[in-house]
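The values are calculated or read from the model by the stated rules, or taken from the named source; none is laboratory data. Keep in mind it's a predicted model, so treat the numbers as computed, not measured. Here Cβ is always computed from backbone atoms with ideal geometry, including for glycine, and neighbour counts include all displayed protein chains. The area values use the complete protein model at the heavy-atom level, side chains included, leaving out ligands, DNA and RNA. Shrake-Rupley method; radii C 1.70, N 1.55, O 1.52, S 1.80 Å.
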Amino acid sequence: MLGASIKEDMEEQHRKKENRRFVLLTRLKQNKVAFLSLWFLVVVHAVVFIGPVLWPITPDELTDAGALAGWTLQHPFGTDDLGRDVFARMLHGGRVTLLVGLCAMLFSLIIGTIIGACAGFFGKVVEAVLMRITEAMMAIPNFFFVLVALTVLGTTPFMVVLVIALTGWVEIARVVYGETLKWKEYEFVEAANAAGASAKRILLKYVVPQILPSIIVSGTLAIAWAILTESAISYLGLGIQPPTPTWGNMLQNSQQYIWTAPILGVLPGVAITIVVLAYNFLGDGLRDALDPRFAKK
């Protein structure tokens, strides 16, 4: 009876998982803004990662057009104050900014998922220690923590990614913690425990797969936060340092030319804004598409 119960529960969970995979895209299409945001982000990532390979001008190359040249076919966005091609710098800067966001998001997901899942599943001392650490991190203003950490530890690309990740995992941990508390009480988890499965196996095979939708949504919101943070600290001079371009330090370098060559600030500013908005819209759409209450409508 116990084995049959476990099998039935797992088959039901498998059917639900397959159903979610098939209907997710359909539900996402119903949210026009989220679906357009998804395709917009696909295009933006393809352009910034493939574009620098195809564009013949390097971001540090001093062109013959001179400083602050206007738009031409050879230089679609003109040149900056040193005579460098702005289009090339936008492509390379976008690559760096998005890579920082993606890497910081992955680190945040790993840290937050481990802490939240372990705290929710094991409880007792583990829960007390991990959730007190989480609450302590929540008490520290994130941006202030980033500024202080980078001032002390340096501004290498790895350090920038690590520090942003160390401020982005807290909300993910809280979401995963709550979801783990909910799912560990389900009958199929109790049945697996009664059948003698190890705690590690139950957590990884039966609990974590159920909270993947919440992790995915948290990831889309975390990458938006990471991009904004990297841009802000680069604007303040504590992010990735020139001559490596990012959208943030391009924004910083352009501020003295805001009246004479406003396009130097408009381009990276608009790029940051629309990419962050697209990730937020996509996160909201995914949350609605993956919400179990949505399926009941």
For this session: Taking the options Trp71, Trp39, name whichever one is within 30 Å of Lys29 (Cα to Cα) and open to solvent by 30 Å² or more (accessible area, probe 1.4 Å).
Result: Trp39
Exercise. Of the conditions (1) of a type outside the set (Asp, Glu); (2) open to solvent by 10 Å² or more (accessible area, probe 1.4 Å); (3) at pLDDT 90 or above, Thr97 fails just one. Which one is it?
Worked result: (2)
Problem set entry | Hits in the stretch 68-107 (condition: touching a strand residue (DSSP E or B) at 6+ places or on another chain (Cβ under 6 Å) and small (Gly, Ala, Ser)) | Ala69, Gly83
Problem set entry | Scan of the stretch 247-264 for residues that are part of a helix (DSSP H, G or I) and within 16 Å of Gly70 (Cβ to Cβ), ordered by number | Ser254, Tyr257, Ile263, Leu264
Exercise. Got a number for residues in the stretch 28-53 being out of contact with any Phe, Trp or Tyr (no Cβ under 9 Å at 6 or more places or on another chain) and modelled with pLDDT under 90?
Worked result: 5
Exercise. Identify, please: which residue in the stretch 123-155 is part of a helix (DSSP H, G or I), surrounded by 16 or more Cβ atoms within 10 Å (Cβ to Cβ) and polar (S, T, N, Q) and is, among those, modelled with the highest pLDDT?
Worked result: Thr134
Exercise. Any idea how many residues of the stretch 173-193 are open to solvent by 70 Å² or more (accessible area, probe 1.4 Å) and more than 15 Å from Ile211 (Cα to Cα)?
Worked result: 3
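Here's the yes/no breakdown for (1) under 26 Å from Lys32 (Cβ atoms); (2) open to solvent by 50 Å² or more (accessible area, probe 1.4 Å); (3) among the aromatic types (Phe, Trp, Tyr); (4) touching an Asp or Glu at 6+ places or on another chain (Cβ under 6 Å):
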site: Val208; (1), (2), (3), (4): no, no, no, no
site: Ser218; (1), (2), (3), (4): yes, no, no, no
site: Ala222; (1), (2), (3), (4): yes, no, no, no
site: Trp225; (1), (2), (3), (4): yes, yes, yes, no
site: Gly237; (1), (2), (3), (4): no, no, no, no
site: Pro268; (1), (2), (3), (4): no, no, no, no
site: Asn280; (1), (2), (3), (4): yes, yes, no, no
Exercise. Any residue at all in the stretch 75-94 that is of a type in the set (A, V, I, L, M, F, W, C), closer than 30 Å to Phe158 by Cβ, in contact with a Ser or Thr (Cβ under 7 Å, 6 or more places away or on another chain) and at pLDDT 85 or above?
Worked result: yes
Exercise. Taking Asp80, is it over 18 Å from Leu102 (Cβ atoms), surrounded by 13 or more Cβ atoms within 10 Å (Cβ to Cβ) and among the charged types (D, E, K, R)?
Worked result: yes
Exercise. Among the residues of the stretch 247-262, is any crowded, with 18+ Cβ neighbours inside 10 Å, under 23 Å from the mean Cα position of the chain (by Cα) and either among the aliphatic types (A, V, I, L, M) or more than 29 Å from Phe281 (Cα to Cα) (or both)?
Worked result: yes
